[in-house]
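Below is one structure, written out as structure tokens, with a few remarks after it.
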């Protein structure tokens, strides 16, 4: 496989995920590798990409709002006292070299660059796919080690730690769900009876396991981000001025779907252009079970404004990597037809 090829993960001969290595998108969306479309074994797409409400949301992968002052999330940046504003602070995450690639394992080295192109973090990433515990499920494992390559400490922050509050501690492992209705999010501790259900209770919690269950309600976003999207969609995103708004702000501006349990994407499906099937089968139930919190990680979830699950590295405190220091995490997601 050449570095320019877009690899795929397979389970029992079925394609379950495409890995977009070098998306041709606007720099304000923070180009970075991501998984999309991710599918159940029955073919239901359970990720979204370039959704109209937050066009920098790219499938499933890593993205952080503030790494030493560089936006590695996309869109506007939160500045205390000013809110979300446009800054020339967007970085990128770039593939460097493959260590292993097969139908079941994708292992490679990456570099995280700041807004001037200088190296911030070195990453070693391993993504694997394997059969699940049931015949209608499979297991995605996403392991990462981020190492500070600078001679000075690197601070990892979120809008919450930068002063926004409102549960906006996002940044880390992030999974944008497809347009979904009847979305249920529940976190639990399998060792105890502790449970939390619903966005308001799960967001910011640290229970070790989270399951999101829902029914697809429309087309997932474009799969062309890895090939043909640099595009009108990406160009529109650069000038849209969209932000990580609260539900109240979305309602006030008429953008987003505050107050509704169904959230749709306005980005057209482009499977015919990209050569991969990204159209979500409408009316199909799915269940995703996430685990892998460590250290001070917290769940970041959205269900009303838009559908997404995240594991936040700096939800309510700044994470500091000393020179040569490393952050290692292994996330697991069971992808099932429900």
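Every number in this text was worked out from the coordinates using simple rules, so none of it is lab data. Because the structure is a prediction, the values reported are computed rather than measured. Please note: Cβ atoms are built from the backbone with ideal geometry, for glycine as well, and neighbour counts cover all protein chains shown.
Quick rundown of the values:
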quantity: Sequence ranges 204-214, 174-184, ranked by mean other-Cβ count within 10 angstrom, highest first; calculated: 174-184, 204-214
quantity: Part-to-part distance (alpha-carbon centres) for segment 148-203 and segment 24-88, which is given in Å; calculated: 14
quantity: Amide N of segment 104-140 lying under 12 Å from the label point, which is placed 7 angstrom from the Cα of residue 155 along Cα→Cβ; calculated: none
quantity: Cα centroid of segment 100-117 to Cα centroid of segment 308-332, whole Å; calculated: 17
quantity: Residue 291/residue 8 FRET efficiency (R0 25 Å; Cβ-Cβ; nearest 0.05); calculated: 0.55
